[in-house]
Amino acid sequence: METRSHRRTNRRKFLKRLLYSVLAIVIIVGGGVAFAYYKLSPANHFKASKVISPGSSNVKPKTGTVNFLLLGSDQRKGDKLGHTDSILLIHVDFNTNKISAVSIPRDTRINVPGYGYTKLTSVQYIEQADKGPKDGIVAAVQTISQMTGVPINYYAETNYGGLKSMVDVLGKVEISVPFDVTFTHPWYKEDKDMVIKKGTQQLDGKMVTELVHERDSVPGTDFGRQKLQERALVGIAKTAMKPQHIADLPSLIKQSSNFLTDTNMSQTDMLSFGLAVKKLDLAHIKYYQIKGTSQTMYDDILQRDNDQVVLDQTSLEETMSHFK
């Protein structure tokens, strides 16, 4: 017959086993979370990033660095084809948590094998027409990589609707506008001749898309638009990283298909990059600008003269040395 003493001993043994079991579960779950966080840590996640376009064959990416190419398409809803309207190359060094960025003029003069000389913006359109949307974007990425001589690891493309939706999800975005901007060729007719004043502005999705599209009214035309696009990028990133949005980041990433027309980034890649942005001082992004001249030249694709940007090769090489 079991005595009271035996029952107490058995109860203690049971509680001890229960405690050890719970502790084991906590360790296993905690270890899994820690491992998942370790893998998501940008320095680890992007340690050996894939290279979708190697640039120059003699360039080996530095460990712990990655190049992102952000593309903006002028393709609207219902359009089957589109041009590359904006090009922003971003270099992140996870070893130092520093970031560099450069905008590449969409009107840069290039030679497309089999077609001749044309603008960089036309590459995507040509390949889309011949082979389809995916091939058009990949061709643009590869052309930019070869032109700059730097490897590209990830790309993401959005269009007018995607950018507008992204900003509207975040709410108004604070952008430091570098100069007065008059909308000369707006997406919406009612915005014609509207002026966005120099200074800090709170802008919704519609106004952000109008801002980054404008070129004719800003200093330096294409080069001025590059500044607007850079300021918009910083404004969007800062807003996305605000405390009220951090908790929503995984949900926003899951909605990425609503904002991006194409990307080779997985949701895990995006989440890890989001963690990286939290550590970066976005006010001290190092911006570069490639020198060039605007010239009227013959376009073999359009078979007529148009305005093209001829990049200074020395400036191009010096700038790209910071992206290798």
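The values are calculated or read from the model by the stated rules, or taken from the named source; none is laboratory data. Here the structure is a predicted model, which is why all the values come from computation and not from measurement. Quick reminder, even Gly has a Cβ in these numbers, built from the backbone with ideal geometry, and neighbours come from all protein chains shown. These accessible areas exclude ligands, DNA and RNA; they are computed on the full protein's heavy atoms, side chains included. Shrake-Rupley method; radii C 1.70, N 1.55, O 1.52, S 1.80 Å.
Largest accessible area first, the listed residues 307, 85 line up as 307, 85 when surface is computed with a 1.4 Å probe on the assembled protein chains. Between residue 257 and residue 165, residue separation times 0.36 nm minus the direct Cα-Cα distance comes to 32.0 nm. The simple Förster model, with R0 at 35 Å and r as the Cβ-Cβ distance, assigns residue 286 and residue 202 a FRET efficiency of 0.85.
A Förster distance of 25 Å, applied to the separation of the beta-carbon atoms of residue 193 and residue 294, puts the FRET efficiency at 0.55.
Computed from the Kirkwood radius of its Cα pairs, the Stokes-Einstein diffusion coefficient for the range 89-158 at 20 °C and 1.002 mPa s stands at 162 µm²/s.
Along the axis of the charge dipole computed for the range 190-244 (Cβ charges of +1 for Lys and Arg, -1 for Asp and Glu, origin at the Cα centre), the listed residues 196, 219, 234 are led at the positive end by 234. The heavy atoms of residue 74 offer some 40 square angstrom of accessible surface to a 1.4 angstrom probe.
Backbone amide hydrogens, once placed in the peptide plane, bring residue 155 within less than 5 Å of 69, 264, 265, excluding anything fewer than 5 places away on its chain.
Stretched out fully, how many nm does the piece from residue 266 to residue 50 gain, at 0.36 nm a residue minus the Cα gap?
Details: separation 216, 0.36 × 216 = 77.76 nm, distance 1.22 nm.
Working it through step by step, the gained length comes to 76.5 nm.
Taking amide H positions as modeled 1.01 Å from N, with prolines and chain starts lacking one, no residue 5 or more places away or on another chain lies under 5 Å from residue 220.
Summing Cβ point charges (Lys, Arg +1; Asp, Glu -1) relative to the Cα centre of the range 78-236 gives a dipole of roughly 160 debye. Once the Cβ-Cβ distance of residue 313 and residue 242 is raised to the sixth power relative to R0 = 45 Å, the FRET efficiency obtained is 0.65. Over the C-alpha trace of the range 178-267, radius of gyration and Dmax come out as 15.0, 40 angstrom.
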